[in-house]
Amino acid sequence: MTRGPTIVIFGASGDLARRKLIPALWHLSARGRLPGHFRVIGTGRTGFGQQAYREHVMDAVRAAVPDADAAQLEGFAAAFSFVRMPEGVSFHALREALSPDGQCGDCIFYLAVPPSLYSGIAAGLAELGMMDEKDGYKRLIVEKPFGYDLDSAVALQDALLSCCREDQIYRIDHYLGKETVQNILAFRFSNALFESVWNRNYIDWVEITAAEELGVGKRGGYYDTAGALRDMVQNHMMQLLALVAMEPPVNLNPESLRNETQKVFQSLRPFERASLADPVPAVHEACGPGRPACIRGRYRGYLDEAGIAPASTTETWVGARIFIDNWRWGGVPFVVRTGKKMPVRVTEIVVHFKRTPHILFRNSASPQVSNSLIIRIQPDEGLLLTLGLKSPGSGFGLQQIPLHFHYRELEGTPLSEAYERLILDCINGDPSLFIRGDAVLACWRFVQPVLDAWTAGESPLAEYAPGSWGPELGDLLLPPGEHWREPCRVLSEDGVCHL
Ligand code: BG6
């Protein structure tokens with residue numbers, strides 16, 4: 001068999017490697033998707049013997065795939081080895097393990113470590129020539145958070161670019177690896193029916209929700225230094241927004257796609273400082289520029305969670321009203337919200353279409369009908385379109401009728417995990433679903449005024465009850481007279497929800 005790539009995992013004993021990367025590699029290998037004879041080298045500060053590491057790999061697979069075939073699993077684990085790299089030790093041992101015959105070949109370096117270690121690792125690799133591509137490609141995968149704010153993101157970007165080229169850096173946003181997120185592109189650009197109404201003339205507002213049922217759990221230490229804005233909005237929510245709002249790319253080349261999402265980020269209307277201030281006085285200003293544009297909340301009981309600083313002001317919920325200043329979207333609010341300890345884990349986009357210009361069916365018993373399209377990212381992945389139709393009987397009473405499609409009803413391969421797709425794309429040198437450096441910086445530039453206002457204590461933390469949809473103040477973000485949708489776990493239970 002031909003020699004395949006070597007995947008080096010920094011942080012090999014960590015949570016990400018165990019829960020996501022090793023199972024993803026297993027699935028790819030089991031489906032024969034990994035090219036040639038691949039190797040995986042795990043590295044970490046503390047040691048594993050070779051056999052102990054292989055046991056660790058097999059345990060990680062069994063935890064994700066309880067019925068994994070034992071013999072196949074042994075073969076899979078045999079491709080793994082471990083190199084111990086205690087702090088302060090140079091990268092010679094890794095270099096040695098990588099190129100027993102003097103050739104590194106194709107290599108992917110996966111940095112599953114805290115971001116504070118990214119630049120040191122990149123420098124260590126570059127110093128010993130391991131980012132050199134004379135005997136095969138060399139790619140670096142980094143996870144979010146890419147920086148802590150705009151300045152640190154710029155510094156990190158500069159540090160990485162002093163060790164390798166931009167096209168060698170694959171920045172992961174695992175949302176882009178989700179099949180249903182990619183489907184936004186397919187849905188938008190393969191259905192002329194929708195593309196022709198996908199603009200400010202027909203769309204009233206867009207609602208994007210990423211709600212989580214769980215709290216911070218065991219990740220308090222990390223989360224308390226990040227908060228919902230850095231953890232979810234700067235990256236995942238911005239990517240969803242960009243896919244909904246982007247112009248059709250000229251083709252599916254990675255740069256065509258990424259240029260279009262970058263144009264969306266460049267068109268985001270900057271937040272005005274006044275719109276980030278204490279929202280309470282703004283309640284009295286009916287609407288217009290006085291309304292808050294971004295609100296933060298924290299679930300009751302957060303301070304009692306493990307790893308949270310007693311005087312923490314970290315937010316676990318963020319809502320924001322965002323405008324995209326271009327011809328397609330001028331004046332259309334995109335209202336986004338994300339939070340922990342909400343009623344149900346659900347990520348979805350709701351496109352609210354405008355009402356008919358003339359209301360023909362004026363019947364007090366009929367609801368005010370307008371169409372909405374729900375793109376459900378998870379769970380119960382699918383689409384739902386509401387239509388106004390006549391209720392049976394005399395007169396012209398109207399009903400909102402949902403038309404729905406569920407991914408689970410499609411024949412074929414089951415939806416794969418985001419990491420499988422992303423690792424495979426990196427092996428194949430396709431960066432389409434990875435975030436380009438300029439996009440990361442554009443998103444930080446957009447959220448930085450919010451971080452500044454919060455650091456200056458200009459906006460209070462609104463408390464919300466665990467299991468609720470967030471702070472009541474969040475309603476101020478909506479267009480007048482509108483309500484947040486309260487989604488259910490099952491898409492088609494819309495309106496008769498059993499959470
Ligand atoms: C991660 C965040 O990037 O995304 C987590 O750090 C969050 O806090 C997670 O829980 C949500 O991802 P998913 O795929 O479960 O929606």
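Computed from the coordinates by the stated procedures, all read-outs in this text should not be read as laboratory data. Predicted, not measured: the structure shown is a model, and the values here were computed from it. Heads up, the Cβs are rebuilt from the backbone with ideal geometry, glycines too, and the neighbour counts pull from every protein chain shown.
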Global geometry of the range 1-110, whether rounded, prolate or oblate, following the gyration tensor of its Cα atoms and the 1.5 cut on a/c: oblate
Highest average packing first - 227-235, 59-67, 160-168, Cβ atoms within 10 Å: 227-235, 160-168, 59-67
Whole-Hz ³J(HN,Hα) from phi, Karplus 6.51 cos²θ - 1.76 cosθ + 1.60, for the range 149-154, glycine and proline x: 6, 4, 4, 5, 5, 5
Please give the charge dipole size of the range 429-499, origin at the Cα centre, charges +1 on K and R Cβ atoms and -1 on D and E Cβ atoms. Round to the nearest 20 debye. 240 debye
For the range 400-499 (alpha-carbon point model, no solvent) the Debye-based log₁₀ I(q)/I(0) at q = 0.11, 0.12, 0.13, 0.19 Å⁻¹ works out to -0.75, -0.88, -0.99, -1.10
Before rounding to the nearest 500, sum -39500 (n - 2.57) across all DSSP H runs of length at least 4 in the chain and divide by the residue total; then give [θ] at 222 nm in deg cm²/dmol. -8500 deg cm²/dmol
Residue-wise, which Karplus ³J(HN,Hα) couplings in Hz belong to the range 436-448, taking 6.51 cos²θ - 1.76 cosθ + 1.60, θ = phi - 60°, and x for glycine or proline? 6, x, 5, 6, 4, 5, 4, 5, 5, 4, 5, 8, 4
What are the residues whose amide H is under 5 Å from the amide H of K138, where those residues sit 5 or more places off or on another chain and H is modelled from the backbone? C107
Any idea which of V89, L125, L73 is furthest toward the positive side of the dipole for the range 64-132, if Lys and Arg beta-carbons carry +1 and Asp and Glu beta-carbons -1? V89
From the gyration tensor of the Cα coordinates in the range 152-299, what semi-axes in whole Å does the equivalent ellipsoid have, largest first, with each one equal to sqrt(5λ)? 28, 25, 17
Can you work out ³J(HN,Hα) from phi for every residue in the range 187-203, in order, using Karplus 6.51 cos²θ - 1.76 cosθ + 1.60 and θ = phi - 60°, giving whole Hz and x for Gly and Pro? 5, 5, 9, 10, 10, 4, 3, 8, 4, 6, 10, 8, 6, 5, 6, 10, 9
Within the chain: Cβ-based charge dipole about Cα centre, in debye rounded to nearest 20 (Lys, Arg +1; Asp, Glu -1): 500 debye
What is the distance, in nm, between label points placed 7 Å from the Cα along the Cα-to-Cβ direction at Q103 and at H483? 6.6 nm
Unsatisfied cross-links (Cα-Cα over 29 Å) in the set K178/K340; K178/K390; K144/K341; K178/K341; K138/K178: K178/K390
Nonlocal amide H pairs with I322, under 5 Å, H built at 1.01 Å: F334, V335, V336
Taking the Cα atoms of the chain, what is the range of coordinates along each of the three principal axes, in descending order and whole Å? 81, 53, 44
Segment H37-R165, extension gain: residue separation times 0.36 nm, minus the distance between their alpha carbons: 43.4 nm
Per 0.36 nm of contour for each residue apart, how much would the distance between A274 and R408 grow if the chain were fully extended, relative to their Cα-Cα spacing? 43.7 nm
For the range 33-169, give the magnitude of the charge dipole about the Cα centre (Cβ charges: +1 Lys/Arg, -1 Asp/Glu; no others), in debye to the nearest 20. 200 debye
Would you mind checking which residues have amide H under 5 Å from G215's amide H? H placed 1.01 Å from N; only 5 or more apart, or other chain. K341
